[in-house]
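Below: one structure, written as structure tokens.
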Ligand code: ATP
Ligand code: MG
């Protein structure tokens, strides 16, 4: 036998049973984004490699280890499957001069790609919904993003997520902190892992983001950026906290929150749950005031966040959210030449009237077709024999409750089905 070809490791199929959860999630997100005044933007999955190197930062886990980068052999371009969406969104906004029309509230969703070790909650193709507000100084918009998340959790039936916030300050405060950090880390050289050694001078802040358990003690003792904060950033951070308190949003301040991407400054935040095991961060974001200029645009402040769809869906189901299946209204069984011709007409009519109608396809006795009707989950079987066809009528048999079968003209059938 020919060997079966399997999906690429870490890249998952989403089967119909799960797809229906995804559709509920996507629909809820779409409605919520519209309710908050965010417009959707659709971006390519492949970008020039430089876009990510310049924005995420050359000395980061994503760019050093996780990107799917390949040479387009037809023209020699270096391309990358997007590992995240912010860089693409900013690129598109600049390329099409969206900011000329004023600040932009945007969102997008779709697959992202990172070459990580696949495990529960961590995949090589995963999905994000990203939200970006371009041209806003904040901190009101920073707070809006957090409030939007909280509202969405409610709609999804998600509980048990906690909010951690932090601030990375300005470029100046980070320069000050960087010097203190390097000084501190140099006193613990023996305890640093290889990554940390390499990043000591190129990107010491990244060391604080290490997931190596052996490094946690050193990280815990490191000087805190919060203590080197400039006055404006401190005011920004305090104002954010004030709005969150007014909005009744609980948070903890995490002075160690540094995020894995270089473009962040000032506000950073993460939503974390304990119900999913090790991969507990379901949503993360913050401010990136320097990125627009870094990608080649006129300087513009910005803030955004990305949700991990797989993790949020897992949490939603873990919290017991029940999402009813969309079942068909009718399953049309038919036998005889005239009956089959009329059955085609009946499904066209019922569908045009807004009903969900499945037409039996393939052979099968009446009895066999009725079994299929039952298995389909449809509420009614519509039965058409030659007799019905000649009278332009259909018989309606309830499948889920003990009620009488009725026979009606096709013209009245849709109204009747919508009532019962
Ligand atoms: P982590 O610390 O879990 O590696 P990250 O900081 O790399 O996450 P971000 O780049 O901030 O993640 O992406 C935002 C969200 O996207 C994460 O909070 C997470 O929910 C989700 N996410 C990131 N990487 C993956 C992945 N490989 N598989 C599934 N979800 C992911
Ligand atoms: Mg990561």
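What follows is calculated from the coordinates using simple rules that are stated; it is not laboratory data. Everything numeric in this text was worked out from a predicted model, so none of it was measured. Note that we place each Cβ from the backbone using ideal geometry, even for glycine, and neighbour counts take in every protein chain shown.
Some values worked out for this structure:
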item: Relative intensity, log₁₀ I(q)/I(0), of the range 69-114 from a Debye sum that treats every alpha carbon as a point, q = 0.26 Å⁻¹; result: -0.97
item: Size descriptor, Kirkwood hydrodynamic radius, that averages inverse alpha-carbon separations across the range 1-158, Å; result: 17.8 Å
item: Degrees between helix 366-375 axis and first principal axis of the chain (Cα, 0 to 90, nearest 10); result: 20 degrees
item: Length added when fully stretched, residue 39-residue 239, from 0.36 nm per residue minus Cα-Cα; result: 69.3 nm
item: Extension gain from residue 74 to residue 252, taking 0.36 nm per residue of separation minus the Cα-Cα distance; result: 59.0 nm
item: C-alpha long axis of helix 16-35 to longest principal axis of the chain, angle in °; result: 60 degrees
item: Per principal axis, descending, Cα span of the range 220-290 in whole Å; result: 38, 31, 27
item: Burial ordering of 80, 281, 2, fewest other beta-carbon atoms within 10 Å first; result: 2, 281, 80
item: Over the range 216-327, relative contact order from alpha-carbon pairs under 8 Å, at least 6 apart, %; result: 17 percent
item: Separation of alpha-carbon centers, the range 359-415 and the range 104-133, rounded to whole Å; result: 45 Å
item: Volume in Å³ per residue [convex hull over Cα atoms, computed for the range 108-221]; result: 173 Å³
item: Rg [Å, one decimal], Dmax [Å, integer] - the range 305-420, C-alpha atoms; result: 17.8, 62
item: Between 0 and 90°, nearest 10: helix 140-156 axis offset from the chain longest Cα axis; result: 40 degrees
item: Fewest-first ranking of 292, 147, 333, using other Cβ atoms within 10 Å as the exposure measure; result: 147, 292, 333
item: Relative intensity, log₁₀ I(q)/I(0), of the range 243-360 from a Debye sum that treats every alpha carbon as a point, q = 0.10, 0.22 Å⁻¹; result: -0.61, -1.23
item: Computed [θ] at 222 nm, helices only, for the chain once each DSSP H run of length n ≥ 4 contributes -39500 (n - 2.57); result: -11500 deg cm²/dmol
item: Relative contact order for the range 100-258, counting Cα pairs under 8 Å that sit 6 or more residues apart, in percent; result: 28 percent
item: Ellipsoid equivalent to the range 368-420 - semi-axes via the Cα gyration tensor, in Å; result: 18, 15, 9
item: Calculated FRET efficiency for the pair residue 317/residue 64, C-beta based, R₀ 41 Å, to 0.05; result: 0.75
item: Stretch gain in nm, segment residue 367-residue 171, where the contour uses 0.36 nm per residue and the Cα spacing is subtracted; result: 63.1 nm
item: Estimated translational D of the chain in µm²/s (Stokes, Kirkwood radius over Cα pairs; 10 °C; 1.306 mPa s); result: 63 µm²/s
item: The chain, relative contact order [Cα under 8 Å, separation at least 6], %; result: 15 percent
item: Residue with peak Gaussian network fluctuation, the chain [Cα springs, cutoff 10 Å], from 17, 144, 345; result: 345
item: With 10 Å bins from 0: P(r) over the range 160-308, alpha-carbon pairs, percent; result: 10, 38, 36, 15, 1
item: Spin-label pair residue 18/residue 31, simplified geometry with 7 Å Cα→Cβ offset, distance in nm; result: 2.5 nm
item: Label-point separation, residue 187 to residue 217 (7 Å along Cα→Cβ), nm; result: 1.6 nm
item: Förster radius 41 Å - calculated FRET efficiency between residue 325 and residue 407, Cβ distance, rounded to 0.05; result: 0.90
